[in-house]
């Protein structure tokens, strides 16, 4: 089995080190990850500049690009053949509810899905730096094995969030849907040492709605959340509503 | 009516100039857009650096950030009050099928939706630079009026693609679902003038599947495509499949 | 006469617009300048990435690089033939004393000198935005005419600083040497909205020593300062001192 | 003795590791260096963005800025007190002749000199990666000891170039002046995978003039070159020439 591992915290982050280690028991691991932190980059793809790749150790590539770039280069240029699975993470911090659209970790799994490769995104729902990457990585390896055996529904990948708890305190996995967050507006406006204004987009603690069946609800109760996500954003329920509008001039 | 206009081609692009002009007949327009091209940035949000804002003319702000940053700053810091609608575009090039996840234009509308503001993304499905921004802008203004009157389904925004045709050749609007693209791998590997390797992610013409009812199918036939997108990526149909897996060991 | 004009405040800055206008009376002007502000970049050259050039109007090129890149591309790729002179500016803010080593404006003239082309750097010694770019540009044109006629000493270029005064209040030009500045340490240490530390290099008003014969002394008295600078940084006077050291063990 | 060590190849480069090791025999070493390669940045100072500092090990700081930024932060914010000397290097590749104006390594020493701190820049005149950093570092330590004892002439720092040779083949040090390079124009113009043009500033092998007494002449003959450089770029010999020009109209 060929396994491509990436993340958005950078190739040296503790989460990807733990993940690669756990997955080496499942197959041949190649790491292709950003050379430095690239969080909150969403599904950004580098089109207008070339990318540099450094093989920092055998089978570990650092790229000066986004997680999406890494998956692209990994699949099409760096691995000896197409990977059987792409696993992204273990991210520092959860990727829950609507926040997934910002996430480089989740976007890497999405990119793999676009390329037709099964994919898993794994995040440690920690405040601050996180201390339990190894149990999260172990679950990811367990899940990867299952995916390799059974396959995934068409155009679908898995978004996994693991509470920041030691293995023995971790609740079992639960299949969830994507939760809802309430966004506040927290922009900090300041003046720099040269007297010019600047704005900094703030970091209020996200407020999730505690709805049963959602990713957030599971994680809050110490359980591992596994959410199947797909590529189709169409709101099918609203097609008929819109068809009743008269838009013809 | 307060209207926030943004894009990802930059504040000086012809598409946003046409869009702002058309929307001035609907309400008070404030433009908050990137100071230069920021396409393919996906839903990237700038967390680790401050942002600079320059009011280049009354009501026109250039930001050294992504479209997502622009919507954030527009809603929470630059406009006098919360906008009634956010319109993003007119993008140079279509945003069809799975490609929408890369799009800065679509991500701006998604960001507005997260903040609870109705939103429309508008793209000109042109090859090259595009020549018919005005009819596309005129339709966007027409649609914005409708949205302001009727509202949109919960957590849903509209992704509009307009063929690059003169007004008189443009087919009527059709409500569509998100299409499917087949992705090839086209990475260019080269050597720079200093002898170091680099990779460039290529730009093969996208190959869409011509499925009836999709955005691509409509645009290919000269019709305006309007797709309702929502924020929930959960593949509900696959929840039961996954629940049958045994992940507990 | 072929004249290459550049700056570090960006192609749209008022100083370069005034300068190009004044020099059009002397010869054929081509503007090759950064697409946005690039001050304090020193003599930075872009080696590891390609550069993009946009001809925004006939004879006006915007480059996504440094002033040094602009001179390089202008001389070797964009102009129809080698320029007879390179003029850089009019910079917003003086380039006096030791500060010239940070300056993109001065570095552009230095780059031209390395390429064997006579060069002038012109700065408006203004606090804030500056209001008298036209008299500064007019003097630069006057000086350029002189340089084109007489030539410059070998490996030498001119660094011009003009007080921010209306033409009628401006004192005559004086040939000066490079002044001395006293540098303080003004680093601002803060915490960002996400709780991470950052440092910002501050902008204390520079304190120059008021030494007769220097650039600063002239400008402070309302006179135009013209300093001949050369490429050789060797401190010849100290060669013998160092030769007396015993470094052979 | 407090010693500040920096470079422009990045905090992990072999040259700075060797240099820090050698200098630990002379005094207490603090490394403050860019988090990644920043060569050819000249004397660039980061004014418009904040800087991030990570203490990757005790006494070793990585900064997301230029070498000039590192010296600034080191002196004014990170060290417990003002350093007695700043040593920059060991650079991968020589810094000879006029090329020093582009050099981040040399600019770091220049910045220290502006702040009133004695400084040395050290480069390994290697083609490619270089293999003899340790003898170069050992000489730098030897020279630093001398400088700490004797001081340096006012406003002057030392630019050292060491041939890429094993210690036993290395010729003794010689005090030199700055050499002369002949610059060719080597711009590569290409088309990217999306059909847009780009330019890449090339890397022809520099052609130095083999003038006796210069840095290049010494290094070419296997000897260590030590050049005293100062901050004053004034071409004093040409002051009288320029004073004879009539610039008053």
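The values are calculated or read from the model by the stated rules, or taken from the named source; none is laboratory data. Model, not experiment: these values are computed from the prediction. Positions of Cβ are backbone-derived with ideal geometry, glycine not excepted, and every protein chain shown enters the neighbour counts.
Remarks
- Among the residues of this structure, residue B:169 does not count as one that is facing chain A (nearest Cβ under 9 Å) and over 17 Å from the mean Cα position of the chain (by Cα).
- Residue selected from region A:172-183 under the condition in a loop (DSSP other than H, G, I, E, B) and at the interface with another protein chain (Cβ under 9 Å from one of its Cβ atoms), by the criterion modelled with the lowest pLDDT: A:183
- Hits in region A:45-69 - residues which are closer than 16 Å to residue B:197 by Cβ and in contact with a helix residue (DSSP H, G or I) (Cβ under 8 Å, 6 or more places away or on another chain): A:46, A:51, A:53, A:61, A:63, A:65
- For region C:223-247, a residue qualifies if it is at the interface with chain D (Cβ under 7 Å from one of its Cβ atoms) and under 22 Å from the mean Cα position of the chain (by Cα), and the qualifying residues are C:226, C:227, C:228, C:229, C:230, C:231, C:232, C:233, C:234.
- For region B:223-248, a residue qualifies if it is surrounded by fewer than 20 Cβ atoms within 10 Å (Cβ to Cβ), free of Cβ contacts under 8 Å to residues at least 12 places away in the same chain and not in a helix (DSSP H, G or I), and the qualifying residues are B:244, B:245, B:246, B:247, B:248.
- Yes/no for residue C:68 being over 22 Å from residue C:142 (Cα atoms) and surrounded by fewer than 23 Cβ atoms within 10 Å (Cβ to Cβ): no
- Filtering region A:11-44 to residues that are free of Cβ contacts under 8 Å to residues at least 40 places away in the same chain, assigned to a loop (DSSP other than H, G, I, E, B) and in contact with a strand residue (DSSP E or B) (Cβ under 7 Å, 6 or more places away or on another chain) leaves only A:35.
- Here residue D:158 clears all of (1) within 20 Å of residue D:105 (Cβ to Cβ); (2) more than 9 Å from every other protein chain (Cβ to nearest Cβ); (3) modelled with pLDDT of 95 or more except the condition numbered (2).
- Only residues that are over 10 Å from the mean Cα position of the chain (by Cα) and outside any helix (DSSP H, G or I) were counted in region C:97-116, giving 2.
- Condition check for residue A:97: within 11 Å of another protein chain (Cβ to nearest Cβ), buried (at least 17 other Cβ atoms within 10 Å of the Cβ) and on the phi > 0 side of the Ramachandran plot: yes
- Residue C:90 being in contact (Cβ under 8 Å) with a residue 60 or more places away in the chain and part of a loop (DSSP other than H, G, I, E, B): no
- Yes/no for residue D:72 being more than 18 Å from residue C:198 (Cβ to Cβ), touching a helix residue (DSSP H, G or I) at 6+ places or on another chain (Cβ under 8 Å) and at pLDDT 90 or above: no
- The numbered conditions (1) in contact (Cβ under 8 Å) with a residue 40 or more places away in the chain; (2) farther than 19 Å from residue B:10 by Cα; (3) within 13 Å of chain A (Cβ to nearest Cβ) are all true for residue B:116 except (1).
- In region B:45-70, residue farthest from the chain's Cα centre (by Cα) [restricted to those that are farther than 22 Å from residue D:49 by Cβ and outside any strand (DSSP E or B)]: B:58
- Top-ranked residue of region A:189-222 - restricted to ones that are in contact with a helix residue (DSSP H, G or I) (Cβ under 9 Å, 6 or more places away or on another chain) and part of a strand (DSSP E or B), ranked as farthest from the other protein chains (Cβ to nearest Cβ): A:208
- Just one of the numbered conditions (1) closer than 25 Å to residue A:106 by Cα; (2) within 11 Å of chain A (Cβ to nearest Cβ); (3) crowded, with 20+ Cβ neighbours inside 10 Å is not true of residue B:7: (2).
- Scanning region B:120-137 for residues that are in contact with a helix residue (DSSP H, G or I) (Cβ under 6 Å, 6 or more places away or on another chain), in a helix (DSSP H, G or I) and either crowded, with 21+ Cβ neighbours inside 10 Å or at the interface with another protein chain (Cβ under 9 Å from one of its Cβ atoms) (or both) returns B:133, B:135, B:137.
- Verdict on residue A:151 being surrounded by fewer than 18 Cβ atoms within 10 Å (Cβ to Cβ) and within 18 Å of residue A:99 (Cα to Cα): no
- Restricting D:56, D:60, D:75 to residues that are surrounded by fewer than 18 Cβ atoms within 10 Å (Cβ to Cβ) and more than 23 Å from residue C:111 (Cβ to Cβ) narrows the list to D:56.
- Qualifying residue in region D:25-42 (condition: over 20 Å from residue D:110 (Cα atoms) and in contact with a helix residue (DSSP H, G or I) (Cβ under 7 Å, 6 or more places away or on another chain)): yes
- Residue list for region C:141-151, restricted to those being touching a strand residue (DSSP E or B) at 6+ places or on another chain (Cβ under 8 Å), more than 8 Å from chain D (Cβ to nearest Cβ) and within 20 Å of residue C:95 (Cβ to Cβ): C:144, C:147
- In region A:78-87, the qualifying residues are those that are crowded, with 19+ Cβ neighbours inside 10 Å and touching a residue at least 60 places away in the same chain (Cβ under 8 Å), and the one that is nearest to the other protein chains (Cβ to nearest Cβ) is A:83.
- Number of residues in region C:173-185 that are within 16 Å of residue D:77 (Cβ to Cβ), surrounded by 14 or more Cβ atoms within 10 Å (Cβ to Cβ) and in contact with a strand residue (DSSP E or B) (Cβ under 9 Å, 6 or more places away or on another chain) equals 1.
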